[in-house]
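Asker: Structure incoming, see below.
The values are calculated or read from the model by the stated rules, or taken from the named source; none is laboratory data. Only a predicted model underlies this, so the values are computations on that prediction, with no experimental measurement involved. In this analysis, Cβ positions are derived from the backbone assuming ideal geometry, glycine residues included, and neighbour counts consider all displayed protein chains. The protein model used for the area step is the full one, side chains on, heavy atoms only, and it has no ligands, DNA or RNA in it. Shrake-Rupley method; radii C 1.70, N 1.55, O 1.52, S 1.80 Å.
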Amino acid sequence: MTADTCNSLRPMQRLTGIDAGFLYMETPSSPMHVAGLAVYDPSGSPGWTVDQIKDLLRQRLHLAPPYRRRLATVPFGLHHPVWIEDPDFDLDWHVRHVGVPSPGDSRQLADLAAHLVSLPLDRNRPLWEMWVIEGLEHGYVATLSKVHHAAIDGASGNELTVALFDLTPEVAEVPPPEQPWRPDRVPSDPELIGYALNSLARQPLRAAKTVRRTVATALNLRSANRQPDAAPPPAPFSAPRTSINAALTPHRSYAMTTLSLSEVKRVKNAFGATVNDVVLALCAGALRRYFDERGEELDRPLVAMVPVSVRAESEKAAMGNRVSSMLASLATDVDDPVERLGAIHEGMRHAKDQQQAIGADTLTDWAEFAAPAVFSRAVRLYSRTRMADRHRPIFNVTISNVPGPPFPLYSAGARLTANYPMGPIFDGGGLNMTVMSYQDNLDFGLLACPELVDDVWSIADALGDALEELTKAAAAAERAAAGAGQRSEPATPGVSTAADVGTGEPANNGVAAATASASGPASNGEVAPPARAARKAKVAGPSKRMAAKAAPPSKKMSKSPARSAKPKSTARAAGTTKKTTTRPARSAKKTATAKASGATKKTATAKASGAAKKSSTAKASGAAKKSSTRPARSAKKTTTTRTSARTRKKAAAASETT
């Protein structure tokens, strides 16, 4: 935010273009606030009441600056609004009390939360509310906190949450602010207009700098997309048409679920992905099932809009929005969940590369020049005419992953058991799937428009099934990696297996075994040996690279003479038959024994060590290469001084023969 002065007023904070954009995008059917549904166990805090919550907030309001700020709108929409300290601030108006019929289960709580989050915030007051909800089963209580997106983003909201909580059941004493809070007087219209004109006078210089940076960004992006291995992310309006992508209504439905963060990390480690990749893969699996159950065929993969925090380390304590976004394919056209995770991982890698090429400040810079009056009217016209029904969606679903605290939190002595997020939905995108980590849990919150998503709980339930699929695949990959190093037969040296073709990496039996087991364990419940796994493994594209990360290289094992005497060949890789030459075992020692009658004669032994032919490795192109033999050195000749001239000639001839 920028700080300016206006006559006798103390410095005011103008909303940035990104912050103000969330105000302009708000319509009667699409409120732009973020919310969180926190569930508490008050058993360790007898007498937990609403008054305790109010007292706690009153003591810590100086740690939450947005809670006492309200908007002051510039006349005629000349410039973005400014924040002022509300002279009419009333904490009791912001903290409400409500209940569900006891004992209320999770679905009753979700229904109430969906109704409360559909109500817009009053712009004449600070843009937040807190609803204290009682009557839940197990004696639990909950709070629903709503804060407008113009004031915070996910990261700053998380910082705000931690500031209002305690780390122990005992309520900590918070030191008072260094200076007492003082409300502002509401600036007059002439003051706001003069302040806006003063700020607009500097716009041409800022615009010139922004244009110069944008041109440089476009050139960088063009260069990056022309690289041989470049795979640009989906473009806007390239998402498939679906039943969840249409104009919104003011109604909302909500569902939540909790998954294990440890299990997600296990999948991440097994396949070399990130937690965010696994979250996207879980959402993709759940959405794929949702559309399959309704017989809805998609002509291309679903596209997710993924918010990205560009908040620097020095900006952690700052409020407002430091956020950008990118589009990512959910690879819903891929049947195998492991291959789907691999495709998402590769897609996110390219999307991040493009995001870096664009730069974190490009969107922020251009948002500063949005004309408030024009922008707001255009958004309302778009919503009123239901334009979202007439074109392909920009994206299909919003998926956001917000990291939360790994330690327990308490509010007025009550322990926080779950913290379900609630992100906004936009016209044309009727589903938001946001997840927040807390301790060893991932708390998913799914907010939807019920006229577009008829059963949001089915998607929430399918998230657990999607994680179970990936967890089983990860366990199979771990068993395969362990078995490849302990009981696998050694592969023929120099011969590639099916899993290694096209990777540019040396042959790795552990990779083949892990890949085969990830797609399905052996029929007898054991891990298939690497040689068999290499024949069965079906690895394509990104998932092949993921499997290579999943299993360590197999240990080299010594060969016994009996086994090494058998010729081996590996037959198949990526559908191309390759011919390999056999490698015979070392030739047996030849012993030429010359016996002279009546006289003791010693044998002359010719050792043909290393006389075996070495075969060339079959390459991935499938072309068989002729093996070249490499003669071994002549065996040592052993003669005795008593052998005859004829015997010496025979021994020499035998030693030179290969």
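Asker: Calculate what fraction, in whole %, of the accessible area of region 401-479 sits on carbon and sulfur atoms when a 1.4 Å probe is rolled over the protein chains.
Answerer: After summing per-atom areas, the C and S share lands at 51 percent.
Asker: Ser437: net charge of surrounding residues, Cβ under 11 Å, Lys/Arg +1, Asp/Glu -1, itself excluded?
Answerer: -1
Asker: Right, next: Given the options Pro421, Tyr382, Pro408, identify the residue whose Cα lies farthest towards the positive end of the charge dipole of region 361-455 (+1 on Cβ of Lys, Arg; -1 on Cβ of Asp, Glu).
Answerer: Tyr382
Asker: Just order 344-352, 130-138, 431-439 by mean Cβ neighbour count inside 10 Å, highest at the front, would you?
Answerer: 431-439, 344-352, 130-138
Asker: In whole Å, what is the distance between the alpha-carbon centres of region 175-218 and region 398-414?
Answerer: So the two Cα centres are separated by 33 Å.
Asker: Just add up the charged neighbours of Asn396: K/R +1, D/E -1, any other residue whose Cβ is under 14 Å from the Cβ of Asn396.
Answerer: Result for the local shell: 0.
Asker: Something else about it: When Lys and Arg each count +1 and Asp and Glu each count -1, what net charge do the other residues less than 15 Å away from Ala418, Cβ to Cβ, add up to?
Answerer: Charge balance near Ala418 sits at -3.
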